[in-house]
Structures are given as structure tokens and as C-alpha cells.
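Inspection log for the structure reproduced underneath, given as C-alpha cells.
The values are calculated or read from the model by the stated rules, or taken from the named source; none is laboratory data. Quantities reported herein were computed from a predicted structural model and do not represent experimental measurements. Here the Cβ positions follow ideal geometry from the backbone for every residue, glycine too, while neighbour counts run over all protein chains shown. Only protein heavy atoms, including side chains, enter the accessible area calculation; ligands, DNA and RNA are left aside. Shrake-Rupley method; radii C 1.70, N 1.55, O 1.52, S 1.80 Å.
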Amino acid sequence: MKMVAAVIKPFKLDDVREALSDIGVQGITVTEVKGFGRQKGHTELYRGAEYVVDFLPKVKIELAVPDDLLDRVVEAIAHAAKTGKIGDGKIFVYELEQAIRIRTGEMDAQAL
């Protein structure tokens, strides 16, 4: 099993959710986060005063997937979240040692 975490632009969340649903992903966790990468933030004007916004709003999606679905999940997220502009985000994949469904006690792939 793998854990996939993707940090994307907030307005792309619905596109990514639909793409994941289309390939059979049943559940995701979404968190509103702030951060920056190569963008390094930007400046905004508010009531005549200019100020720097260091951390930009992003959305972090996390989902546990079986190994055989991993490539399709990564491809779906990358395709749905891409705008072609700086700040599209990143996808991280790491090993998931164990998963347990609390309600039933099912473990690993059955818990997903």
C-alpha cells in the first residue's frame, strides 16, 4: 500500500476529486494549507498599502491506495491539477505500513 499526498491549487480540487472518483478511489482527506515553493509568494495592494503574501493558499489531498492503483492515481492527480503555470503543486508517494478500519477492525487492503 502507498500513501499519496498532493498539494494543489484550491480551485483544482473538484477536478482532482472527479478524476479520482472516475478511477475508483473511494475516499480522500482534504486539508486547507498554506505554503510556497518557487513562487516565493507575491505582493498585494490593500487600502493603498502594499504588502507581501509569503504563504499562498493551497489544498493538501491525502489518500491511501493499493500498489496496483498507484500509477493511475498519480496520473489522474497530475492531469487534473495541471494548469501549466508555476504553483501547480507537487505529489508525494510514500510507503504505508498498515491501515486499520476502526469500525470493523479490517486491516490493510481490506481497510481501504
How much accessible surface area, in Å² rounded to 10, belongs to the heavy atoms of I86 with a 1.4 Å probe?
100
Theoretical ellipticity at 222 nm over the chain - DSSP helices of four or more residues, -39500 (n - 2.57) apiece, nearest 500:
-6000 deg cm²/dmol
Lysine pairs in region 22-112 with Cα atoms under 15 Å, if 8 or more residues apart or on separate chains
11
Between helix 70-81 and the chain: long-axis angle, C-alpha atoms, 0 to 90°, nearest 10:
30
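Once the other residues with Cβ under 11 Å from the Cβ of P66 are scored (Lys, Arg +1; Asp, Glu -1), what is the net sum?
-1
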For the chain, find the longest principal axis of its Cα atoms and tell me its angle to the long axis of helix 13-22, 0 to 90°, nearest 10.
20
Contact order relative to length for the chain, counting C-alpha pairs under 8 Å separated by 6 or more residues, stands in percent at 42
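What is the gain in length, in nm to one decimal, between V93 and T29 on full extension, counting 0.36 nm per residue of separation less the C-alpha to C-alpha distance?
Value of the extension gain: 21.6 nm.
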If you place +1 on the Cβ of every Lys and Arg, -1 on the Cβ of every Asp and Glu, and leave all else neutral, what size is the dipole of the chain about its Cα centre, to the nearest 20 Debye?
520
What ranking do 87-94, 31-38, 54-61 get when scored by the average of other Cβ atoms within 10 Å per residue, highest first?
54-61, 87-94, 31-38
Sum of side-chain charges, K34 neighbourhood, beta-carbon under 11 Å (Lys, Arg +1; Asp, Glu -1)
0
May I ask which residue of V59, I28, M3 lies farthest towards the positive end of the charge dipole of the chain, with charges of +1 (Lys, Arg) and -1 (Asp, Glu) on Cβ and the Cα centre as origin?
V59
Report, by chain and number, residues whose modeled amide H sits under 5 Å from the one on G35, excluding near sequence neighbours (fewer than 5 apart, same chain).
L56, K58
